[in-house]
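Have a look at the structure below, then the notes.
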Amino acid sequence: MQQIHPLSPLLREATPSLPPSRYIDGNVYADELHNIWKKGWNYVGPLSDIAPGTMRRVDVAGTNILLVRAKDGDGRAYHNVCPHRGSELCTADEQPLRGGRILCPYHAWSFNADGTLASTAAASHAPDFDKADHGLRSVGLIDWNGLLFVRPVESSDDFGADNAFGLHDLDNWPMRELVTAHRETHLVECNWKILWENFNECLHCPGVHPSLCDLIPIHRKGLLAYSDAPDWTPDSMEPEHGLRDGARSWTLSGAAATAEFPGLTEDQRNAGQVYCVIWPTLGIVAHVDYISIVSYRPKGPEQVEVTGEVLVAPAALADPNFDLHQIVAFNQQVQNEDEEVCELNQRGLRTSPFKAGVLMPEEYYVKKFHDWIARQMAGADAA
């Protein structure tokens, strides 16, 4: 067997994959939903998509969340329930605030954007009623680079502490200035972990992604990066460009679809793509001309809501030469290919003789993902 360099990320021993019950069992799903999703940071979209003076209703791990953007531009999050008698407050995907306030559609209690109770409308007050005790119940909210994340259940997990890779690799991209050029949401019939396992390896790339492999030569070998090669050493020579000769971005033609971002380094331009992952909620692929985001929301043990977004500079939308189709068509092709095999994987796990698989050396990121899940669930057991 070939000697693997000590700094290589490759796995050194055959490692069992998770058993089928982890992808099928309803009790396992319920435990993960509470301890991983409800206690974790869930992506709910760019702040720029919420107009000042509006509110949104979003379902996050089965929790009804109210997102509010005050007229001052700040974002806030609350449980979407009136403390009077439990009515839902925001009843649509997006609604305007009423005079800058959140108005209950049932008894007309109103709340300031900061969650404090402003008025009980026609109701009189008992002597011991204190308005300060009846505000909205807040939900943890983080604005990271203009992207909003909420945490339905309070926990000790800091954002990005144990679940994120590449957070600072995007520092040169103008994240807060970007706007949404495209968004598409659909359901995929598999467990949420299968989508992440697929994202975390490229052994499937040669057989599943012909167009992606044509664009990224290293993927033709089933490798995520050149350091995944068994004969890699720190002294190994790597190509200057991550994409095929002449290509600049993930588009149908390989050409940039609009002007390249000005603040990127030459290495970032040559890389072709820069990844950022925040488990369990989203993956980002940054390019010289746009940002691609794929986010997940589990809807059951064997179903996930998947949203794909394309973020660009505002000037791109005003550019008559901007070809959004070049971006969307390429990304949808890759995503559709991934989702098809993920659904095949889910169906195969129901085959009775299958007990567990084995991770190959190149699937080291899948192992990291499984280890992260184990830590989340072990912490729940300890609590």
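The values are calculated or read from the model by the stated rules, or taken from the named source; none is laboratory data. Note that the structure is a prediction, hence the values are computed from the model and not measured. Using ideal geometry, Cβ is built from the backbone for each residue, glycine included, and neighbour counts are taken over all protein chains shown.
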Criterion first (crowded, with 18+ Cβ neighbours inside 10 Å and in the same structural domain as Thr351 (by TED's automatic domain parsing)) does Tyr23 satisfy it?
yes
From the list Arg12, Arg56, Arg22, which residue is in contact with an Asp or Glu (Cβ under 9 Å, 6 or more places away or on another chain), within 21 Å of Lys367 (Cα to Cα) and of a type in the set (Lys, Arg)?
Arg22
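Which residue, of Arg220, Arg176, is under 30 Å from Glu240 (Cβ atoms) and of a type in the set (Lys, Arg)?
After applying the criteria, what remains is Arg220.
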Give Gly263, Gly246 a once-over and let me know the one that is exposed (fewer than 15 other Cβ atoms within 10 Å of the Cβ), among the small types (Gly, Ala, Ser) and at positive phi.
Gly246
Cβ-Cβ under 7 Å, sequence separation 6+ or interchain: first residue in the range 133-156 and under 16 Å from Ile293 (Cβ atoms), partner of a type in the set (Ser, Thr, Tyr). Which pairs?
Gly146/Ser48; Leu147/Tyr43; Phe149/Tyr43
Of (1) at pLDDT 95 or above; (2) within 24 Å of the chain's Cα centre (by Cα); (3) over 20 Å from Ile278 (Cα atoms), Leu103 fails just (2)
Is it the case that Trp144 is closer than 30 Å to Asp319 by Cα and of a type in the set (Phe, Trp, Tyr)?
yes
Pairs only if they're at least six apart or on different chains, beta carbon under 7 angstrom, first in the range 285-296 and within 14 Å of Gly166 (Cβ to Cβ) and in the same structural domain as Trp192 (by TED's automatic domain parsing), second at pLDDT 95 or above and charged (D, E, K, R); list them, first residue then second.
Ile293/Glu309
Within the range 170-178, can one find any residue that is surrounded by fewer than 15 Cβ atoms within 10 Å (Cβ to Cβ) and either among the β-branched types (Val, Ile, Thr) or assigned by TED's automatic domain parsing to the domain that holds Ile50 (or both)?
no
For the structure I just gave you, tell me whether Phe322 is part of a helix (DSSP H, G or I) and in contact with a helix residue (DSSP H, G or I) (Cβ under 8 Å, 6 or more places away or on another chain).
no
Options Val366, Val328; residue that is modelled with pLDDT of 95 or more, farther than 14 Å from Leu18 by Cα and of a type in the set (Val, Ile, Thr):
Val328
Taking the criterion of being farther than 27 Å from Leu18 by Cβ and either at pLDDT 95 or above or of a type outside the set (Phe, Trp, Tyr) (or both), would at least one residue in the range 187-208 satisfy it?
no
Only listed residue being part of a strand (DSSP E or B) and free of Cβ contacts under 8 Å to residues at least 40 places away in the same chain, chosen from Ala118, Ala92:
Ala118
Just give me the residues in the range 122-160 being assigned by TED's automatic domain parsing to the domain that holds Arg85, small (Gly, Ala, Ser) and within 14 Å of the chain's Cα centre (by Cα), in sequence order.
Gly146
Among the numbered conditions (1) part of a helix (DSSP H, G or I); (2) surrounded by fewer than 19 Cβ atoms within 10 Å (Cβ to Cβ), tell me where Trp37 comes up short.
(2)
Given the structure, is Asp231 in a loop (DSSP other than H, G, I, E, B), charged (D, E, K, R) and without any contact (Cβ under 8 Å) to a residue 12 or more places away in the chain?
no
Quick check on my filter: what residues within the range 174-202 are under 15 Å from Ile278 (Cβ atoms) and in a loop (DSSP other than H, G, I, E, B)?
Asn200
